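Asker: Structure provided below as structure tokens; questions to follow.
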Amino acid sequence: MTMHLTQAALLFYIVSASNFLLSIETFAKAEPQDRHSTCDGSNEPNVSASRTSVDLGWSGGSSIDINIPVQVEYQTSAKFSAIVIGNSDVISHARMRDSKLMWDREDYRPCANPSDIVVHIVGPSVTAWTLNGPGRLNLNTISQETLKITSHGTGSVTADGYVKDVVLRSSGPARVDLSKLETQRASVQIRGSGEIDIAPREDADISTSGPAVVKIYGSHAKLHVRSHGSAQVIQVP
């Protein structure tokens with residue numbers, strides 16, 4: 001009786017081990033999209049497709065929302081223009097509706113990095129930007145009275161030029177470098193582990209919640225800091 005039980009247990013072990021090894025082999029052979037639901041194989045761009053440009057038909061506006069993982073390059077101009085450059089398969093899905101960058105359908109999630117798709121935007125002063133997700137926003141040589149940047153997620157933002165008053169709202173591990181943006185006053189509110197660089201001349205109002213790191217360049221600005229959590233606020237001479 002004991003021998004039969006031992007043999008049965010051994011057989012069960014062999015079958016279980018075989019099934020386990022088979023499942024590992026199946027997983028190893030699976031295509032990446034089978035393992036990562038965020039990258040749907042049906043949205044895999046054709047790598048042999050040519051790089052091209054498409055005019056998104058932007059007619060201007062004081063605010064822009066970036067809702068797709070692209071790199072946006074903005075520069076002030078008297079003319080309005082929004083041109084997307086990248087893989088023709090991917091950018092054929094890009095749209096700009098009511099000053100919102102988006103895909104033509106909600107379930108479209110191409111397997112591409114933000115740097116693969118570049119949107120060049122020029123126009124009169126855009127005073128409010130919202131970055132949702134892992135996109136990139138570069139504001140080049142801007143000159144205006146006010147600027148508000150709102151970031152949700154893992155995006156990155158850089159800016160240079162001059163702005164009198166800057167408002168920054170960030171939630172998530174964003175990277176925002178405004179150290180080359182000359183400004184008089186800055187209001188910064190961070191929720192999460194963001195990394196922020198700013199360079200105000202007069203006033204800096206900082207509110208943090210979470211392990212954020214804020215670097216303030218220059219020693220002349222008056223600091224008003226409210227911190228909840230393990231945030232670091234560092235003044236760099």
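The values are calculated or read from the model by the stated rules, or taken from the named source; none is laboratory data. This one's a predicted model, so the numbers in the text were calculated from it and none came from an experiment. Counting neighbours? That spans all protein chains shown, and the Cβs are built from the backbone with ideal geometry, glycine included.
Asker: Could you tell me which numbered condition residue 236 fails, if it satisfies all but one of (1) touching a residue at least 24 places away in the same chain (Cβ under 8 Å); (2) touching a Lys or Arg at 6+ places or on another chain (Cβ under 8 Å)?
Answerer: The single condition residue 236 does not satisfy is (1).
Asker: May I ask you to list the residues in the range 154-177 that are buried (at least 19 other Cβ atoms within 10 Å of the Cβ) and either closer than 25 Å to residue 78 by Cβ or basic (Lys, Arg) (or both)?
Answerer: 157, 159, 163, 166, listed by residue number.
Asker: What is the number of the single condition among (1) surrounded by fewer than 18 Cβ atoms within 10 Å (Cβ to Cβ); (2) of a type in the set (A, V, I, L, M, F, W, C); (3) within 19 Å of the chain's Cα centre (by Cα) that residue 80 does not meet?
Answerer: (3)
Asker: Which one is modelled with the lowest pLDDT, of the residues in the range 182-237 that are touching a Pro at 6+ places or on another chain (Cβ under 7 Å) and more than 26 Å from residue 145 (Cβ to Cβ)?
Answerer: Restricting to residues being touching a Pro at 6+ places or on another chain (Cβ under 7 Å) and more than 26 Å from residue 145 (Cβ to Cβ), the top hit is 229.
Asker: Something else now. Which residue, of 90, 15, 72, is of a type in the set (Val, Ile, Thr), touching a Leu at 6+ places or on another chain (Cβ under 9 Å) and either at pLDDT below 75 or not in a loop (DSSP other than H, G, I, E, B) (or both)?
Answerer: 72
Asker: Return a yes/no flag: does the range 52-65 have any residue that is farther than 17 Å from residue 155 by Cβ, modelled with pLDDT of 95 or more and among the acidic types (Asp, Glu).
Answerer: Scanning the range 52-65 turns up at least one residue that is farther than 17 Å from residue 155 by Cβ, modelled with pLDDT of 95 or more and among the acidic types (Asp, Glu).
Asker: Could you please give the count of residues in the range 143-153 that are surrounded by fewer than 18 Cβ atoms within 10 Å (Cβ to Cβ), more than 17 Å from residue 100 (Cα to Cα) and not small (Gly, Ala, Ser)?
Answerer: 3
Asker: Provide a single number: the residues in the range 93-124 that are modelled with pLDDT of 95 or more, in contact with an Asp or Glu (Cβ under 8 Å, 6 or more places away or on another chain) and in a loop (DSSP other than H, G, I, E, B).
Answerer: So the count comes out to 2.
Asker: Between a residue in the range 47-60 that is in a loop (DSSP other than H, G, I, E, B) and any residue that is of a type in the set (D, E, K, R) and at pLDDT 95 or above, which pairs come within a Cβ distance under 8 Å, given they are 6 or more apart or on different chains?
Answerer: 56/95
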